[in-house]
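Okay, structure first, notes after.
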Amino acid sequence: MTKTSSQATGASPGKLESLGLVYGLVGVLVFSLTLPASKVAVGSFGALVVGPGRALIAAIFAALTLWIRHEKLPQKKYLPGFIIIGVGAVFGFPLLTAWAMDRVPASHGAVELALLPIATAAVSALRNGERPSWLFWMCSVGGALTVAAYTSVTGLGGIRLADLALLGAVIIVAFAYAEGGRMASDLGGWQVIAWSVVISAPAVTMLLIIDFATTGVPHILHAPWTGWASLLYLGVGSQFFGFVAWYTGMGIGGVARVSQMQYLQPFFTILFSWVWLGERLTIKTLVAALVVVLWVAVGKRATVRRQGDSADDSTTGQPSHSTADLP
């Protein structure tokens, strides 16, 4: 990435951290509106349009940004990584969450997606040959059991296919985020997302063409402005510029510090769902979100041993943060 250290910028570490937190908060706010916007967009277009549609919009803006900044094409060795990111972050996560938002409240989904940070940390640790401690896995299981208990007592008929879709979205995008975090050190954070959506654009376009050919386009032409605004937000905000702000914040203020802002995301989503969609703001939802976030917060600070570390090294208590910690 570009120079972000205090030596390179001439700014004090305190000012850099504060600026990084501001960027991080902007990224969290952008991502917090993803589920409410998906619910509105799906009501107008359907999940099969919203998923690839937001990716195509993001690809257009990403291509313009890459062109304006005169970014060079990445080397071919990064292509497998871009495919993993494309499958998880460009196709899988948007499609699964859009489908789920047609069936459960956005505030309900916010509780389940709160597991994403610890899922990403687990995938990243395993991919890098690291060995998380028993505390890390205990927190992972605790968070998952909390989500399972919440879905069983919220009056939605127990665990449904939409819940499984949301959990599947967490797992598949965790692999994409872990891969993006690994590649970011070479290419730069926002460039990874930009190239991922651009490379995925041809496949995304084909999906949209097939959908239009089988279902027609009248429902698209007569969609309300709220649906178009939500779809545009998902493409420009959630799929692209949110990542730019998030990666920029971590690059400036440090991954370990700025990634803590992510703990606010479930609560912002619940708040936006209440204000924007008129969903009920229940004590059960707030308590479940708080418990899951606490599990995640403790788990991300648990020891993760790397290959070659001695037993004594594993007791340093260093947090398991990485550039894979994404929303």
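Derivation of every value follows stated rules applied to the coordinates shown; laboratory data play no part. Just so it is clear, the structure is predicted and the values come from calculations on it, not from any experiment. Every residue, glycine among them, receives a Cβ derived from its backbone with ideal geometry; neighbour counts consider all protein chains shown.
The table below lists the values:
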{"item": "Residue order, fewest to most beta carbons within 10 Å, for Glu71, Glu179, Glu112", "result": "Glu71, Glu179, Glu112"}
{"item": "Full-stretch length increase - Ala63, Phe212 - with 0.36 nm per residue and alpha-carbon distance subtracted", "result": "51.2 nm"}
{"item": "Kirkwood Rh, Cα atoms: Rg over Rh of the range 95-230", "result": "1.04"}
{"item": "Long-range amide H partners of Ala302 with built H, under 5 Å", "result": "Ser320"}
{"item": "Square roots of 5 times each gyration tensor eigenvalue, C-alpha, the range 190-238, largest first, Å", "result": "24, 17, 4"}
{"item": "Diffusion constant of the range 47-112 at 25 °C, which comes from Stokes-Einstein with the Kirkwood Cα-pair radius and 0.890 mPa s, µm²/s", "result": "178"}
{"item": "Which of Leu56, Leu35 has the fewest Cβ neighbours within 10 Å, and the rest in rising order", "result": "Leu56, Leu35"}
{"item": "For Arg131, residues with placed amide H under 5 Å, excluding near neighbours", "result": "Arg305, Arg306"}
{"item": "Per residue convex hull volume, Cα atoms of the range 6-315, in Å³", "result": "148"}
{"item": "Sorted by Cβ density within 10 Å, fewest first, the residues Trp137, Trp67", "result": "Trp67, Trp137"}
{"item": "Dipole in debye (nearest 20) - the chain, about Cα centre, beta carbon charges: Lys, Arg +1; Asp, Glu -1", "result": "220"}
{"item": "Per-residue [θ]222 nm for the chain (sum of -39500 (n - 2.57) over DSSP H runs n ≥ 4, rounded to 500)", "result": "-22500 deg cm²/dmol"}
{"item": "Added length on full extension, which subtracts the Cα-Cα distance from 0.36 nm per residue, Lys284 to Arg160", "result": "42.8 nm"}
{"item": "Stokes-Einstein D (µm²/s) once Rh is taken as the Kirkwood radius of the range 205-302 over alpha-carbon pairs, at 20 °C in 1.002 mPa s", "result": "127"}
